[in-house]
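The values are calculated or read from the model by the stated rules, or taken from the named source; none is laboratory data. Being a predicted model, the structure only gives us computed values, none of them experimental. Cβ atoms come from the backbone with ideal geometry, glycine included; neighbour counts cover every protein chain shown.
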């Protein structure tokens, strides 16, 4: 059967599957007969590189550094197909995930750091739907503001249309221009060249400790509940952790946000700006977050970027 060559069809039907187990690259000892469960091999002038299960490498006494998860793209891609590996590696690279590609006769195979396997699967699933995550640019702002207006056009309490421009639109305009704006934490989801999701985090503080305040987050109404918002939240957390941030604070649903690791702020020593917010004020602790200690006030009270304080 001939392989698929159309890039759009390849992406739509690539169906990524995560294999069980952990895999490693190892240099096969020169002169040693090949043995064991080798999954792939590449011969170079410098020697023979093999890919195999980590347990098998340990059994054979092979040395390795990189420990990977193995993802197979189930689509039958033609060897002459153009663009699939570039699209995949670009999407994973934008998410900060390194990717080593092995091309078989029937399928392409990706080896990604084992710690990033779940995130890689999420990025690939979005890519299969045509969705790409990237940093927002100044040229995107008009589209982002229009998206935000659509996402907040219905009052979540009354279920009725909002009268006039939603307050989140004006807030976002100010956040883009304030001192607390962080370009790398304004993230868009793009589908077919159209911005369909956006999240922003801006500089806040807990006492003197730099912190992040998340929001607004917006998803095109007809595309909600399809994983775009979840992906934006996880990408925010990944970027924030990679930047050494202490944590992220938000005001939101106590049913939705805990699934992403958010906990009531007071449980980790971060007090809400308004005591009435209670458990709805939540914090995602990151590796850079110090211990709250034993003082009654914990780390202190959270302060959003200035535009929030004018609400």
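Give the residue, chosen from 98, 90, that is touching a helix residue (DSSP H, G or I) at 6+ places or on another chain (Cβ under 8 Å) and surrounded by fewer than 16 Cβ atoms within 10 Å (Cβ to Cβ).
Sole residue among the options that is touching a helix residue (DSSP H, G or I) at 6+ places or on another chain (Cβ under 8 Å) and surrounded by fewer than 16 Cβ atoms within 10 Å (Cβ to Cβ): 98.
For every residue, the table says whether it meets (1) without any contact (Cβ under 8 Å) to a residue 24 or more places away in the chain; (2) touching a strand residue (DSSP E or B) at 6+ places or on another chain (Cβ under 9 Å); (3) assigned to a strand (DSSP E or B).
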position	(1), (2), (3)
32	yes, no, no
68	no, yes, yes
72	no, yes, yes
112	no, yes, yes
125	no, yes, no
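Is it the case, given these coordinates, that residue 239 is in the same structural domain as residue 175 (by TED's automatic domain parsing), under 17 Å from the mean Cα position of the chain (by Cα) and buried (at least 18 other Cβ atoms within 10 Å of the Cβ)? Give the steps one after another, and end with the answer.
Numbers: in the same structural domain as residue 175 (by TED's automatic domain parsing): yes; under 17 Å from the mean Cα position of the chain (by Cα): yes; buried (at least 18 other Cβ atoms within 10 Å of the Cβ): yes.
Criteria met by residue 239.
Could you tell me whether residue 267 is in contact with a strand residue (DSSP E or B) (Cβ under 9 Å, 6 or more places away or on another chain) and either more than 29 Å from residue 190 (Cβ to Cβ) or surrounded by fewer than 15 Cβ atoms within 10 Å (Cβ to Cβ) (or both)?
yes
Scan 143, 139 and give me the residue that is in the same structural domain as residue 200 (by TED's automatic domain parsing), exposed (fewer than 14 other Cβ atoms within 10 Å of the Cβ) and under 30 Å from residue 84 (Cα atoms).
Going through 143, 139 in turn, the sole match is 139.
Looking at (1) out of contact with any helix residue (DSSP H, G or I) (no Cβ under 8 Å at 6 or more places or on another chain); (2) closer than 23 Å to residue 308 by Cα; (3) surrounded by fewer than 19 Cβ atoms within 10 Å (Cβ to Cβ); (4) in contact (Cβ under 8 Å) with a residue 24 or more places away in the chain, which is the one condition that is false for residue 246?
(3)
Can you find even one residue in region 175-184 that is surrounded by 23 or more Cβ atoms within 10 Å (Cβ to Cβ) and touching a helix residue (DSSP H, G or I) at 6+ places or on another chain (Cβ under 6 Å)?
yes
Could you check region 162-197 and list, in sequence order, the residues that are modelled with pLDDT of 85 or more and more than 23 Å from residue 310 (Cα to Cα)?
The answer is 184, 187, 188, 189, 190, 191, 193, 194, 195, 196, 197.
What are the residues in region 93-110 that are touching a strand residue (DSSP E or B) at 6+ places or on another chain (Cβ under 7 Å) and part of a helix (DSSP H, G or I), if any?
Answer for region 93-110, where residues must be touching a strand residue (DSSP E or B) at 6+ places or on another chain (Cβ under 7 Å) and part of a helix (DSSP H, G or I): just 94.
Would you check if residue 258 is surrounded by fewer than 16 Cβ atoms within 10 Å (Cβ to Cβ), without any contact (Cβ under 8 Å) to a residue 40 or more places away in the chain, assigned by TED's automatic domain parsing to the domain that holds residue 155 and outside any strand (DSSP E or B)?
yes
From (1) farther than 30 Å from residue 88 by Cβ; (2) buried (at least 16 other Cβ atoms within 10 Å of the Cβ); (3) in contact with a strand residue (DSSP E or B) (Cβ under 7 Å, 6 or more places away or on another chain); (4) without any contact (Cβ under 8 Å) to a residue 40 or more places away in the chain, pick out the condition that doesn't hold for residue 206.
(4) is the only condition that residue 206 fails.
Taking region 44-66 as the search range and keeping residues that are without any contact (Cβ under 8 Å) to a residue 60 or more places away in the chain and within 13 Å of residue 102 (Cβ to Cβ), which one is surrounded by the most Cβ atoms within 10 Å (Cβ to Cβ)?
50
Of everything in region 4-22, what is at pLDDT below 70 and in a strand (DSSP E or B)? Give them in sequence order.
Correct list: 4 only.
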